[in-house]
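Trainee: Questions regarding the structure given below will be posed in turn.
The values are calculated or read from the model by the stated rules, or taken from the named source; none is laboratory data. Small disclaimer: the values here were computed from a predicted structure and weren't measured. With ideal geometry, Cβ positions are generated from the backbone for all residues, glycine too; neighbour counts draw on all protein chains shown. The protein model used for the area step is the full one, side chains on, heavy atoms only, and it has no ligands, DNA or RNA in it. Shrake-Rupley method; radii C 1.70, N 1.55, O 1.52, S 1.80 Å.
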Amino acid sequence: MDAPKPAFKERVFSGVQPTGNLHLGNYLGAIVKFVELQKTHECIYCVVDLHAITVWQEPAELTKAIREVTAAFIACGIDPKKHIVFNQSQVAEHAELAWVFNCVARLGWLNRMTQFKEKAGKDRENASVGLYAYPNLMAADILVYRATHVPVGEDQKQHLELSRDIAQKFNSDYAASIAARGFGDAFFPLPEPLIQGPATRVMSLRDGSKKMSKSDASDQSRINLTDDPDTIALKVRRAKTDPDPLPQDEKGLETRPEADNLVGIYAALADTTKADVLREFAGAQFSAFKPALSDLLVAKLSPITAEMRRLKDDTAYIDSVLADGSVRAQAIAAETMKAVKDIVGLVRR
Ligand code: AQP
């Protein structure tokens, strides 16, 4: 028989970097799920500004982007009163726990992280230490709240697995100390990634083999949450496709990455499946499918864009949301850090 698992309170944590315009990938891969999970879970949503500075950011732009992501969270339907919305740098415990995790995680684990390899590129010697240690800070973000569920896009799967490895190693390295302090056989939960639905990896509109990303040089590659209806229609019209009509079923999308991407986007926006979208559009040319996709995008995104624009100018309100969220987040994080210090054997006040 398996040993009984310690019961952890179910809690959701996730973050978004303030590094530029939020795009459809961030929205469908992450934020839509953040909104949905509010119905069933206690949720903590963070603007991860300390992650943003792993690559140099222009200070005034960073300040603006922190407020913009916060405005986007609220405009998309996150309720900062019922749940917690804050920016990472206001809760010092994230960085504090990250240091402990720097001492738990192994170099070999970090060396396997594909996102570091992609972002550092060929000039690895010149990448910041922060960019390399980024996954340890991400583990701290989640585990400082002892969060159990983490909604993310497919690209974050490997980092989530590392967070689980770190939690497991901490639990086993300090097993006796954890048990002696009444935490049973595990202090940290092994957080579960929530990667579900038809758009867990939204691809570039210009190249079906690359993920849609804030840092792509071409603005035509992505739909930004700030784009107006004409811009959305133009980007969809210009999106790369192939000459064939849409297939009958998902099997027919297997070798057609651009078609697969657009059908996935449609399905996610319509809250349905790719199979259902193909039932409706099988045999249709892109000249018919693209306008339907544009209309759906505009219908879903326009109210969000309008609300973001309204909120963005109200910096006093946005800053008050972040301040209030930070206080509530810190109350939880400080408890975790106290226990971690005791478990590790550090003397504290
Ligand atoms: N293309 C995507 N499809 C699905 N989900 C995505 N996410 C990002 N891109 C896609 C998810 O959005 C959440 C927040 O991402 P982030 O801002 O923290 O970091 P990121 O993955 O680095 O975003 P970008 O746009 O790709 O930025 P750059 O260009 O700087 O690398 C995460 O849950 C992520 O999975």
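Trainee: Name the single residue that is farthest from the ligand (Cβ to nearest atom) among those in the range 195-232 being open to solvent by 30 Å² or more (accessible area, probe 1.4 Å) and among the aliphatic types (A, V, I, L, M).
Mentor: ALA217
Trainee: So THR114 passes all but one of these: (1) more than 25 Å from MET212 (Cβ to Cβ); (2) open to solvent by 50 Å² or more (accessible area, probe 1.4 Å); (3) within 16 Å of the ligand (Cβ to nearest atom); (4) not charged (D, E, K, R). Which condition number does it fail?
Mentor: (1)
Trainee: Here's another thing I want to ask about it. Kindly provide the set of residues from the range 117-147 that are within 12 Å of the ligand (Cβ to nearest atom), open to solvent by 30 Å² or more (accessible area, probe 1.4 Å) and touching a residue at least 24 places away in the same chain (Cβ under 8 Å), ordered by number.
Mentor: Within the range 117-147, LYS119 is the sole residue that qualifies.
Trainee: Same structure again: Hey, can you tell me all the residues within the range 265-290 that are part of a helix (DSSP H, G or I), touching a residue at least 40 places away in the same chain (Cβ under 8 Å) and closer than 16 Å to PRO245 by Cα?
Mentor: Correct list: LYS274, PHE286, PHE289, LYS290.
Trainee: Can you spot a residue in the range 302-322 that is of a type outside the set (Phe, Trp, Tyr), without any contact (Cβ under 8 Å) to a residue 40 or more places away in the chain and crowded, with 19+ Cβ neighbours inside 10 Å?
Mentor: no
Trainee: Considering the range 148-185 alone, what residues qualify as being crowded, with 19+ Cβ neighbours inside 10 Å, more than 16 Å from the ligand (Cβ to nearest atom), of a type outside the set (Val, Ile, Thr) and over 20 Å from ARG112 (Cα atoms)?
Mentor: ASN171, TYR174, listed by residue number.
Trainee: Within the range 26-56, count every residue that is touching a helix residue (DSSP H, G or I) at 6+ places or on another chain (Cβ under 8 Å) and within 13 Å of the ligand (Cβ to nearest atom).
Mentor: Summing the residues that are touching a helix residue (DSSP H, G or I) at 6+ places or on another chain (Cβ under 8 Å) and within 13 Å of the ligand (Cβ to nearest atom) in the range 26-56 gives 17.
Trainee: Can I ask one more? ALA7 passes all but one of (1) modelled with pLDDT of 95 or more; (2) more than 10 Å from the ligand (Cβ to nearest atom); which number fails?
Mentor: (1)
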